Amino acid sequence: MAEATGSHAAGAARTCVCAAVAALLSGCATQTPRFATVVSSTPVHEVGPVNGVWDAEYGKTRDPANLSYSFRLIRYADGIGVRAKVRDDVIVADDCREGCVTCPSWDDDNVQCFFDGDNDGARDSRAGGGAFYGGEYTLVANGAANSDFSSCPRGFGDKWTGTAVRSQRPDGGWDVEYDLRFSWECLGLVRAPRDDEPVAFGFNICVHDDDDGGRADRALYWKGNPEMPYRDESGFGAVVLNGSGKKKNGRKTK
Ligand SMILES: [Ca+2]
Ligand SMILES: [Ca+2]
Ligand SMILES: [Ca+2]
Ligand SMILES: [Ca+2]
């Protein structure tokens, strides 16, 4: 049985900005993508304690029932989707209030997506004061979000969206299914790619695991430099998503 992950513990005292307010602050008038047409997708990648990369700032586990996940990327006509299924023994979201779009998302159970939209493999994506070509996007297990370090700060619900749905496993643990969708603008692309051309960018994904409240206990990446996996784009994975194979005028491409 699946249920929406809307609960959160009381006591989160940090300042949050809700989605409606953030939309006003952003002052943007771009059309919200519909994500109605799937163009292409990657295979499903499995990430676990052995083949993943642990962020050196946190702890580790050997138990895939404690933390492991699978994910794939989907190219839509109007942006990129990331679907991830996380296995976790305890779900905790005590630091982020539901509906918040600038919360300390890295302290709770979450999925983080990282885009190197200009594909330059920078050693520090935040160097130079915040001109992002992509950046970091986080969705917490209770639906809270953060994209402060990205091309679409506080853009959740408008320029990017996501859902998190949990279901209990027979062993008492949880599966949490995340469905995230990003406009081309959030990848930091100069222009939206044509339907018939492939799109290539650097990508990484991380799941933070909080099992006991307070700070996260561990963070497991697909790829990367363990010392700074969220900022060092040189360690990201290379992703190429094919186009439709049809030009706008209807002729097939070779
Ligand atoms: Ca866990
Ligand atoms: Ca957890
Ligand atoms: Ca903790
Ligand atoms: Ca927490």
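Throughout, read-outs are computed from the coordinates displayed, never taken from laboratory work. Since the model is a prediction, treat every value here as computed from it, not as a measurement. Cβ sites come from the backbone with ideal geometry, for glycine too, and all protein chains shown count toward neighbours.
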* **Gain in span if fully extended, Asp120 to Arg62, counting 0.36 nm per residue against the direct Cα distance** => 17.5 nm
* **Normalised contact order of segment 102-190, rounded percent, pairs of Cα under 8 Å and 6 or more residues apart** => 29
* Structure fact -> Between the residues Pro226, Val239, Cys206, the Cα farthest towards the positive end of the dipole of segment 104-254, that dipole coming from +1 and -1 charges on the beta-carbon of Lys, Arg, Asp and Glu, is from Val239
* Set of segment 88-124 residues, backbone N closer than 18 Å to the point 7 Å along the Cα-Cβ line of Val190 -> 116-122
* **Volume in Å³ per residue [convex hull over Cα atoms, computed for segment 60-208]** => 119
* Asked: If you put +1 on each Lys and Arg Cβ and -1 on each Asp and Glu Cβ, how big is the dipole of segment 133-254 around its Cα centre, in Debye rounded to 20?
  -> 1100
